[in-house]
Amino acid sequence: MTELPSDYHRNLPYGERMSAEPFIGDPMFPFEGDLQVDPLAEPVIPEPPRRGEEGGEPCGTCAAPDRFVIWRDDQWQLKAFDEHGLPFVAILEPREHYRLDTLPPELIATLGVLIQRVAGAIGRLDAVGRTHFNRWGDGSEHFHLWFLARPVGQMQLRGAMIALWDDMLPNVPSEQHNEYARVVAAALCEGGGEAVLSAAE
Ligand SMILES: [Zn+2]
């Protein structure tokens, strides 16, 4: 076994299966029946490089800066993805390549404002009850925030499992997606920046 990096790791039961029992029957857990959790894997130290990190694959955003973009200003851009089951799934990211810890002060200063604007713009869609935003960053080094729109009234989709529902629900038809992208981009433009509608066609 790899040398374990912390006391936290030394307390974990590697190779054992945790129980899914605490979740079974919870109204926000989307599975039922007999579930078996994967055995807990050993840590990988050092961690493999992410996209955009030295030794990793090239940064997808920097390689194709316009792909999926529906709105941008001088600092930020919003991408919307057309194959998804939730009403709207988007990524907010700086146009230049930064990590969270290297974002310059002028970008940090506008990030909070943009989160509010993007959530508000997605909330304009008649299908949307609430817009969640998350930063994971395990795949790509280029800083990005995910925005996941929960369909209004679909209380079963509350909470973190919404990311799984996005993959399980049927994809939004492309015409519907394009219309939603136009609405969100236009709403964002009310606060500045420009719509990049060709990317959403
Ligand atoms: Zn990048």
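Since every read-out is calculated from the coordinates, none of them should be taken as a lab result. Given the structure is predicted, the values throughout are model-derived calculations rather than measurements. Note that we place each Cβ from the backbone using ideal geometry, even for glycine, and neighbour counts take in every protein chain shown.
Between the amide H of W71 and those of L78, V196, distances stay under 5 Å, these residues lying 5 or more places away or on another chain, with hydrogens modeled in the peptide plane. Isolated Cys in the chain by the 4.7 Å beta carbon test? For the chain, the answer is C189, because their Cβ atoms have no other cysteine Cβ under 4.7 Å.
Counting every other Cβ atom within 10 Å of each residue's Cβ, Y8, Y180 order from fewest to most as Y8, Y180. Computed across the chain, the Kirkwood radius stands at 19.1 Å (inverse of mean 1/r, all Cα pairs).
Our coupling estimate for the stretch 74-79, obtained by passing each phi through the Karplus curve with A = 6.51, B = -1.76, C = 1.60 and θ = phi - 60°, is 5, 10, 10, 9, 10, 9 Hz, Gly and Pro reported as x.
Neighbour counts of C-beta atoms inside 10 Å place V152, V89 in the sequence V152, V89, starting with the fewest. On the basis of the beta-carbon distance and an R0 of 25 Å, D138 and E32 show a calculated FRET efficiency of 0.35. The label point for E194 and the one for E47, both projected 7 Å from the Cα toward the Cβ, are 3.6 nm apart. Taking a sphere under 14 Å around the Cβ of D34 and counting the other residues whose Cβ falls inside, with K and R at +1 and D and E at -1, yields a net charge of -1. On the basis of the beta-carbon distance and an R0 of 41 Å, I115 and E16 show a calculated FRET efficiency of 0.60.
Within the shell of other residues whose beta carbon sits under 13 angstrom from the beta carbon of I115, the net charge comes to +1, with Lys and Arg scored +1 and Asp and Glu -1. Evaluating 6.51 cos²θ - 1.76 cosθ + 1.60 at θ = phi - 60° for every residue in the stretch 168-180, the Karplus couplings come out as 8, 6, x, 4, 4, x, 4, 5, 5, 4, 4, 5, 4 Hz, glycine and proline recorded as x.
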